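These notes concern the structure reproduced below.
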Amino acid sequence: MRCGAYELGIAEITALRNAYRKELSRRAAATRAAITATISQNKLESLLGLSHGYISKLAHAKQVPSAALTTLLALIAASPFLRIHEIRNEDYHAKECAAALLKLRSFIGVRKLELLLDLSSGYLSKVAHTVDNKAPSSSLVILLVMLAAEPERLREVDLYWMTPEKRNVEE
């Protein structure tokens, strides 16, 4: 162990993991009101490729969303009418991920994007070379294509995940 470093025990790791999961749930639930003022939960679930009742489970903390889904919901909630319209008018397919990732690489490193979306190291490289039977979730496909369409949204995502203290310094 290096000087000044602290080794986390199982109890600390478990507490951090639980706090993170609780924060994902809180953030996903917080987006619900803004989005469902524009579109019903059922239509939103269908649009994002989620199972029936999934948004309700998020709202009541019965399900923990992925960071990618939480990020997508936050992007939609920031401008619900426009972003729902954008998603409805696009045809998102897993094969578009490779092109989206190629474009995003010029704005953000692949590993940084994986960290931002809490994806395993190397996951996006696998997604870029995937075949149809191992396609990523619909919500991840939509998120990546939306970010590639307007890379300035990466800043919006970055700000969304910053701690309030760091966000105040950045703004």
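Has region 89-112 got any residue that is under 13 Å from the mean Cα position of the chain (by Cα), in contact (Cβ under 8 Å) with a residue 12 or more places away in the chain and surrounded by 15 or more Cβ atoms within 10 Å (Cβ to Cβ)?
No, there is no match, as no residue in region 89-112 is under 13 Å from the mean Cα position of the chain (by Cα), in contact (Cβ under 8 Å) with a residue 12 or more places away in the chain and surrounded by 15 or more Cβ atoms within 10 Å (Cβ to Cβ).
Please work out which residue is farthest from residue 108 (Cα to Cα), limiting yourself to region 125-141 and to residues that are part of a helix (DSSP H, G or I) and modelled with pLDDT under 90.
By that ranking, first place goes to 133.
Which residues, taken from region 37-58, are closer than 20 Å to residue 23 by Cα and of a type in the set (Val, Ile, Thr)?
Once the filter is applied, which keeps residues that are closer than 20 Å to residue 23 by Cα and of a type in the set (Val, Ile, Thr), region 37-58 yields only 55.
Tell me, yes or no, whether region 34-52 has at least one residue that is under 23 Å from residue 141 (Cβ atoms), basic (Lys, Arg) and not assigned by TED's automatic domain parsing to the domain that holds residue 157.
yes
So, in region 14-63, how many residues would count as being in contact (Cβ under 8 Å) with a residue 40 or more places away in the chain, among the polar types (S, T, N, Q) and not in a loop (DSSP other than H, G, I, E, B)?
2
Suppose we filter 101, 48, 73, 82 for residues that are of a type in the set (A, V, I, L, M, F, W, C) and farther than 26 Å from residue 30 by Cβ; which single one remains?
On inspection, the qualifying residue turns out to be 101.
The values are calculated or read from the model by the stated rules, or taken from the named source; none is laboratory data. For clarity, every value in this text was computed on a predicted model and none was experimentally measured. As a convention, Cβ positions derive from the backbone with ideal geometry for all residues, glycine included, and neighbour counts pool all protein chains shown.
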